[in-house]
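The values are calculated or read from the model by the stated rules, or taken from the named source; none is laboratory data. Since this is a predicted model, take the numbers as computed values, not measurements. Here the Cβ positions follow ideal geometry from the backbone for every residue, glycine too, while neighbour counts run over all protein chains shown. Keep in mind that these areas ignore ligands, DNA and RNA; they rest on the heavy atoms of the full protein, side chains included. Shrake-Rupley method; radii C 1.70, N 1.55, O 1.52, S 1.80 Å.
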Amino acid sequence: MADLYIRHSEKINRSETLQQIIGSSSQIESSEIDSHNDSNCIYVALVGSDSTGIGTQGQPFKTLNYAVSNMGGKSLLGIMDSNDYYLTATINLSNISMFGHNAQSPTIKIDPNATGIDTLISMTGNSKLTNIKIFVSDTFNDQLTAIAIDNGSIKYVEVEGATKNAVHIL
């Protein structure tokens, strides 16, 4: 199957748009987020800790990269606030649903000092990305795909500033 790139809901061969919106977070309903609790979900919050947190709502992890590496068989990843989260490496979501918790709309950004990253979020299996913003600063000069998806779904996601592709469907 050939690669498919999406820009503004059109099938095209290449995407260098500054903004890609898939749905509007104002339209999100609680039924669109998988039912979650401490038994099936890892939580992240900017006030959390990767050293003392355990990934629960009461003791969340601090960083997304750490949380994804410590899912412990859980399939849901809830971001508990609308803060900025900086990535130092690609997040690989394999059968993981990542979402903004309780109508929060967090922003995922690339760390300004990161090198060698060509994709921010890679999705395989039955992964979902819901109610998330992705922003790539115009000071990041490398070619970057915001989301590479092999299988899964994206809803209420906004991508701004991707220098290569907003969404790359494999």
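Values as computed for the structure displayed
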{"read-out": "Count - residues of the range 113-163 that are modelled with pLDDT under 80 and farther than 19 Å from T88 by Cβ", "value": "1"}
{"read-out": "Qualifying residue in the range 54-67 (condition: in contact with a Leu (Cβ under 8 Å, 6 or more places away or on another chain), modelled with pLDDT of 50 or more and among the aliphatic types (A, V, I, L, M))", "value": "yes"}
{"read-out": "Qualifying residue in the range 129-140 (condition: open to solvent by 60 Å² or more (accessible area, probe 1.4 Å) and either under 12 Å from V44 (Cβ atoms) or in contact with an Asp or Glu (Cβ under 7 Å, 6 or more places away or on another chain) (or both))", "value": "yes"}
{"read-out": "Where a residue in the range 102-119 is closer than 16 Å to F135 by Cβ and touching a residue at least 24 places away in the same chain (Cβ under 8 Å) and its partner, wherever it lies, is assigned to a helix (DSSP H, G or I) and of a type in the set (S, T, N, Q), with Cβ under 9 Å and at least six apart", "value": "S105/S25"}
{"read-out": "Residues (outside any strand (DSSP E or B) and either open to solvent by less than 60 Å² (accessible area, probe 1.4 Å) or hydroxyl-bearing (S, T, Y) (or both)) located in the range 87-110", "value": "T88, A89, T90, I96, H101, Q104, S105, P106"}
{"read-out": "Qualifying residue in the range 95-111 (condition: on the phi > 0 side of the Ramachandran plot, at pLDDT 90 or above and not small (G, A, S))", "value": "yes"}
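Yes or no, residue by residue, for (1) in contact with a Cys (Cβ under 8 Å, 6 or more places away or on another chain); (2) part of a loop (DSSP other than H, G, I, E, B); (3) among the acidic types (D, E):
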residue	(1), (2), (3)
L77	yes, no, no
D81	no, yes, yes
Y85	no, no, no
A114	no, yes, no
E158	no, no, yes
